[in-house]
Amino acid sequence: MTVRVGVIGAGMIGQDHIRRLTEVVTGASVTAVTDIDAGRAAQAAARFGATVLPTGADLIDSPHVDAVLVTSWGPTHAEHVLNAVAAGKPVFCEKPLATTAEDCLRVVEAERAHGRRLVQVGFMRRFDPGYRQMKEVLAAGSIGTPLIVHCAHRNPTVPDAYHSAMAAQDTAVHEIDVLRWLLDDEIVSAQVVSPRATSRRFEHLQDPQIMLFETANGVRIDLEVFVNCQYGYDIQCETVGEEGLVRLPDPAAVGIRTRGRHSTAVPQDWKARFADAFDTEFREWIASVAAGAEPTGPSAWDGYAATVITDATVQSLDSGGRLVTVDMKPRPAFYGGTA
Ligand code: NAD
Ligand code: ISE
C-alpha cells in the first residue's frame, strides 16, 4: 500500500519533508500540498507532482489524502491537527504540537475521545542513531543510575526575528523532549541563568542562555543554548551515572591531517546534523500508517509536556532567573500514565 500524504505548509522544512517522502521513504507519495502562500504551494506541488488545494481543511477532507503532515507556522498547528483528528486521519505535526498548553490539551482530549492514537509530533532526535544508543545504554543500566546530564545546543547564527523566548520554545524544546525520553523521567522545574551576552547577537536577544532543569527523580540537567556561536551546529549531551558516563557521539566525519593539523568538519545546520534521524522518523511513521497501527513516535502528550516545560523555562527567563515549578497535569493512562 502507498500512503498518500497531504502536506500543510510548503516552507523550509515542509519542502524538505516532501522531498524525503517522495525520494527517500518507500511506500509514500505526496498527493496534495497547501500553503497560505499560493505561489510556494504551486512550486512545491509542481516539483513533486502533487495537487495544490486551497486550505488545510480542504486537504484534510480530500479522498486522495490518507495521512496529514503539518509543517506550517507553530501557531497554526493546533487547528490543523484537531481537524485531522476529527477526520480520523493520522497526522504528523512538526514541533511544536501547539504554542499554548491549552491548545495542546485540546488535541490530547480530542485524541482520547477518538479512542486511539493518531498524532505524532516531530521531535526527530528520538530517531537519531546516537541518542538511540544512549537510550539503550541507560535502559541496560550500564552506567548505573543517572545523576547529571550536561548538554549544549549551538546554532552558528539565527535570523533577526529570533528572540530570547525562542531559545526555549524553538531550540531547547528538542532537549526537553529527548531528555524526558532518554531518562524515562519527568522535568519538574526550570531555571534560566543569563551569562555575559555575546556581542554577535541582536540587541533584543539574550544569547547564550544556561537552562537548568530538575527531574522527578532528582536528576540535574544543565543545557547551554548558544544560537550565535559562529562555528557550526553543535549538539552535545553527556549523562553521568553512578558507575560511568555515556556521551552522544559527534556525527561521523573523516579526520583530515594536513599542514601539522588534525581537523574534522562540524555540521553547519540541523538539516545536515539530523538528516538520518529525519529519514528514520518518516520511515517509521509511514510504516505505522501503512500497517494501520498507532504511531510509535512522540505523542500528543509529549507535545503537551514539551510546551508546558518550555513555558516554565520562558517564565524563569522573564523573571530574571527565578526557579519555576512545572505545572503539568497528571499523565492519562491513554498515554502510559496512571491518571
Ligand atoms: P517556514 O516559514 O519556512 O514555512 C512555513 C510555511 O507554512 C510557510 O510557507 C507559510 O506560508 C506556511 N503557512 C503558515 N500558516 C499556514 C497555514 N495555516 N496553512 C498553510 N500554510 C501555512 O517555516 P519552517 O522553518 O519550515 O518551520 C515550519 C515548522 O517546522 C515550525 O513549526 C518549526 O518550528 C518546525 N521546524 C522544525 C525543525 C526540526 O528540527 N524538527 C526545524 C525547523 C523547523
Ligand atoms: C529550529 O527550529 C529547529 O528545530 C532546530 O532543530 C534547532 O536547532 C534550531 O535552534 C531551531 O531554530
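Find the residue count for region 34-57, including only residues that are surrounded by 14 or more Cβ atoms within 10 Å (Cβ to Cβ), closer than 22 Å to Leu82 by Cβ and more than 9 Å from ligand 1 (Cβ to nearest atom).
Of the residues in region 34-57, 2 are surrounded by 14 or more Cβ atoms within 10 Å (Cβ to Cβ), closer than 22 Å to Leu82 by Cβ and more than 9 Å from ligand 1 (Cβ to nearest atom).
Give me the pairs, please: first residue somewhere in region 67-86 and open to solvent by 40 Å² or more (accessible area, probe 1.4 Å), second residue anywhere and assigned to a loop (DSSP other than H, G, I, E, B), beta-carbon distance under 7 Å, and either six or more positions apart or on two chains.
From residues that are open to solvent by 40 Å² or more (accessible area, probe 1.4 Å), the pairs are Pro75/Thr99.
Scan region 161-178 and report the pairs whose first residue is under 10 Å from Met211 (Cβ atoms) and whose second residue is surrounded by fewer than 24 Cβ atoms within 10 Å (Cβ to Cβ) and at pLDDT below 95, with Cβ atoms within less than 9 Å and a gap of 6+ or a chain change.
none
What are the residues in region 65-116 that are β-branched (Val, Ile, Thr) and under 19 Å from the mean Cα position of the chain (by Cα), if any? Reasoning before the result, please.
Step one: of region 65-116, the residues β-branched (Val, Ile, Thr) are 65, 68, 70-71, 76, 81, 85, 91, 99-100, 107-108.
Matches in region 65-116: Val68, Val70, Thr71, Thr76, Val81, Val91, Thr99, Thr100, Val107, Val108.
What residue, among those in region 118-134 that are open to solvent by less than 30 Å² (accessible area, probe 1.4 Å) and among the basic types (Lys, Arg), is farthest from the chain's Cα centre (by Cα)? Reasoning before the result, please.
To start, the set of residues in region 118-134 that are open to solvent by less than 30 Å² (accessible area, probe 1.4 Å) comprises 118-128, 130-131, 134.
Cutting the leftovers down to among the basic types (Lys, Arg) gives us 125-126.
On the way: Arg125: 7, Arg126: 9 Å.
Residue satisfying both the conditions and the ranking: Arg126.
Only one of these is in contact with a Leu (Cβ under 7 Å, 6 or more places away or on another chain) and free of Cβ contacts under 8 Å to residues at least 40 places away in the same chain: Thr264, Thr239, Thr258, Thr215. Name it. Steps first, answer last, please.
Numbers: Thr264 fails: in contact with a Leu (Cβ under 7 Å, 6 or more places away or on another chain); Thr239 fails: free of Cβ contacts under 8 Å to residues at least 40 places away in the same chain; Thr258 fails: in contact with a Leu (Cβ under 7 Å, 6 or more places away or on another chain).
Just one listed residue meets the conditions, Thr215.
Please count how many residues of region 262-294 are open to solvent by 10 Å² or more (accessible area, probe 1.4 Å), outside any helix (DSSP H, G or I) and of a type outside the set (Ser, Thr, Tyr).
Selection size over region 262-294: 10.
Hey, Asp160 hits all of (1) under 19 Å from Val324 (Cβ atoms); (2) outside any helix (DSSP H, G or I); (3) out of contact with any strand residue (DSSP E or B) (no Cβ under 9 Å at 6 or more places or on another chain) but one; which does it fall short on?
(1)
How about region 135-157: which of its residues are assigned to a loop (DSSP other than H, G, I, E, B), more than 16 Å from ligand 1 (Cβ to nearest atom) and open to solvent by less than 40 Å² (accessible area, probe 1.4 Å)? Outline the logic, then answer.
The initial filter retains those residues of region 135-157 that are assigned to a loop (DSSP other than H, G, I, E, B), namely 141-145, 155-157.
Cutting the leftovers down to more than 16 Å from ligand 1 (Cβ to nearest atom) gives us 141-145.
Matches in region 135-157: Gly141, Ile143, Gly144.
On the given criteria, is Ala167 farther than 23 Å from Lys329 by Cα and modelled with pLDDT of 95 or more? Let's see the steps before the verdict.
On the way: farther than 23 Å from Lys329 by Cα: yes; modelled with pLDDT of 95 or more: yes.
In short, yes.
Sort out which residues of region 213-253 are open to solvent by 10 Å² or more (accessible area, probe 1.4 Å), within 16 Å of ligand 1 (Cβ to nearest atom) and closer than 24 Å to Val326 by Cα, and write them in order of number.
none
Just the residues that are open to solvent by 50 Å² or more (accessible area, probe 1.4 Å), more than 16 Å from ligand 1 (Cβ to nearest atom) and within 12 Å of Ile309 (Cβ to Cβ), please, taken from region 160-190.
Val188, the sole residue that qualifies.
Out of the residues in region 96-112 that are assigned to a loop (DSSP other than H, G, I, E, B) and surrounded by 22 or more Cβ atoms within 10 Å (Cβ to Cβ), state the one that is farthest from ligand 2 (Cβ to nearest atom). So that I can check it myself, show each step before the final result.
Within region 96-112, the subset assigned to a loop (DSSP other than H, G, I, E, B) is 96-100.
Keeping just the survivors that are surrounded by 22 or more Cβ atoms within 10 Å (Cβ to Cβ) gives 96-98.
On the way: Pro96: 10, Leu97: 14, Ala98: 15 Å.
Taking the candidates together, the pick is Ala98.
Would you point out which residue out of Ala253, Ala172, Ala216, Ala190 is within 16 Å of ligand 2 (Cβ to nearest atom) and among the aliphatic types (A, V, I, L, M)?
Step by step, each of Ala253, Ala172, Ala216, Ala190 is checked, and only Ala172 is within 16 Å of ligand 2 (Cβ to nearest atom) and among the aliphatic types (A, V, I, L, M).
With respect to Phe334, is the statement that it is within 21 Å of Arg154 (Cα to Cα), outside any loop (DSSP other than H, G, I, E, B), outside the structural domain of Ile187 (by the TED database) and not hydroxyl-bearing (Ser, Thr, Tyr) true?
Numbers: within 21 Å of Arg154 (Cα to Cα): no; outside any loop (DSSP other than H, G, I, E, B): yes; outside the structural domain of Ile187 (by the TED database): yes; not hydroxyl-bearing (Ser, Thr, Tyr): yes.
So Phe334 fails the test.
The values are calculated or read from the model by the stated rules, or taken from the named source; none is laboratory data. Worth saying up front: this structure is predicted, and the values here are computed from it rather than measured. Note that we place each Cβ from the backbone using ideal geometry, even for glycine, and neighbour counts take in every protein chain shown. Surface accessibility is based on the protein's heavy atoms, side chains included, excluding ligands, DNA and RNA. Shrake-Rupley method; radii C 1.70, N 1.55, O 1.52, S 1.80 Å.
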